Amino acid sequence: MTGKQLHLVRHGEVYNPDRVLYGRIPGFVLSDLGHEMASAAADELKASGRLVARLFASPLERAQQSAAPVSAALGLPIETEDRIIEPSNWFEGKVNHGPGAEFKKPRNWHKFWNPFRPSWGEPYRSVATRVRAAMDDAWQSTPEGDIVMVSHQSPIWMAHLDIAGEKLWHNPAKRRCDLSSITSFEKRGDTWVEVGYRVPAAPLYGGSVDVGAV
């Protein structure tokens, strides 16, 4: 058992037969496979043998559902944390995969005038700032024991890039943040340091669909 850590856990697979970018749209819940993935992450956290003191989740349904098996496994209530929610995005509700993807249509290209911000949604800096503020507050208000935060691909990746001192603009297709993955951090003095990345649901990825992330 080492010092306190904070784990950012991504939700499991979402039921998304139309392969749209679901963003913050309500009603997008875990698929059956997604529930299995969330359980795999919960099992991994429990099997680590680390003391977990608090469990937070984004208010979106898929995050709350993914936090449920963690809550059951560790005997912790789920605290809703609005600051780790998915970013807003102009393409919410639109197809974002395959030949019919909206971003491929010339009529939508005006939304891509500034990919460094990005111009189609919440600024990357805004996402990184709010997620890190949530991490800081949870860390400071938890005297001992690990913290788990169940969130989404973009907020987790923004925290990763910002803590690593890297540029926030990036190719979303190249994010290292798989379904139900666990990205772990600890604070050394006032500095956040990433200390691990695990993919406990990896055996379930075959045939899974992951095309709805912002």
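The values are calculated or read from the model by the stated rules, or taken from the named source; none is laboratory data. What you see is a predicted model; the values in this text were computed from it and never measured. Virtual Cβ from ideal backbone geometry, glycine too; neighbours counted across all protein chains shown.
Could you figure out which of (1) surrounded by 13 or more Cβ atoms within 10 Å (Cβ to Cβ); (2) within 25 Å of ALA68 (Cα to Cα) isn't true of GLY196?
Failed condition: (1).
Would you check if there is a residue in region 145-161 being in contact (Cβ under 8 Å) with a residue 60 or more places away in the chain, surrounded by fewer than 17 Cβ atoms within 10 Å (Cβ to Cβ) and assigned to a loop (DSSP other than H, G, I, E, B)?
Within region 145-161, one or more residues are in contact (Cβ under 8 Å) with a residue 60 or more places away in the chain, surrounded by fewer than 17 Cβ atoms within 10 Å (Cβ to Cβ) and assigned to a loop (DSSP other than H, G, I, E, B).
Out of region 3-39, which residues are crowded, with 20+ Cβ neighbours inside 10 Å, within 26 Å of THR142 (Cβ to Cβ) and of a type in the set (Gly, Ala, Ser)?
GLY12, ALA38, SER39 - these are the residues of region 3-39 that are crowded, with 20+ Cβ neighbours inside 10 Å, within 26 Å of THR142 (Cβ to Cβ) and of a type in the set (Gly, Ala, Ser).
Looking at SER184, SER208, SER180, which one is assigned to a loop (DSSP other than H, G, I, E, B), within 20 Å of VAL70 (Cβ to Cβ), small (Gly, Ala, Ser) and within 15 Å of the chain's Cα centre (by Cα)?
When all the criteria are applied, what remains is SER180.
Conditions (1) out of contact with any Gly (no Cβ under 9 Å at 6 or more places or on another chain); (2) over 24 Å from ALA42 (Cβ atoms); (3) not small (Gly, Ala, Ser), marked per residue:
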{"position": "ASN108", "(1), (2), (3)": "yes, yes, yes"}
{"position": "PRO115", "(1), (2), (3)": "yes, yes, yes"}
{"position": "TRP139", "(1), (2), (3)": "yes, no, yes"}
{"position": "GLY145", "(1), (2), (3)": "yes, no, no"}
{"position": "MET149", "(1), (2), (3)": "yes, no, yes"}
{"position": "GLY165", "(1), (2), (3)": "yes, yes, no"}
{"position": "ARG176", "(1), (2), (3)": "yes, no, yes"}
{"position": "GLU186", "(1), (2), (3)": "no, no, yes"}
{"position": "THR191", "(1), (2), (3)": "yes, yes, yes"}
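Residue pairs, Cβ under 6 Å, 6 or more apart or interchain, first in region 193-214 and small (Gly, Ala, Ser), second part of a strand (DSSP E or B) and surrounded by 14 or more Cβ atoms within 10 Å (Cβ to Cβ). List them.
If the second residue must be part of a strand (DSSP E or B) and surrounded by 14 or more Cβ atoms within 10 Å (Cβ to Cβ), the pairs left are GLY196/SER184; GLY212/VAL14.
Please determine, by comparing only the residues of region 161-175 that are modelled with pLDDT under 95 and touching a Ser or Thr at 6+ places or on another chain (Cβ under 9 Å), which one is farthest from SER151 (Cα to Cα).
Ranking the qualifying residues of region 161-175, first place goes to PRO172.
Kindly provide the set of residues from region 50-102 that are surrounded by fewer than 16 Cβ atoms within 10 Å (Cβ to Cβ), aliphatic (A, V, I, L, M) and free of Cβ contacts under 8 Å to residues at least 40 places away in the same chain, ordered by number.
The answer is ALA72, and nothing else.
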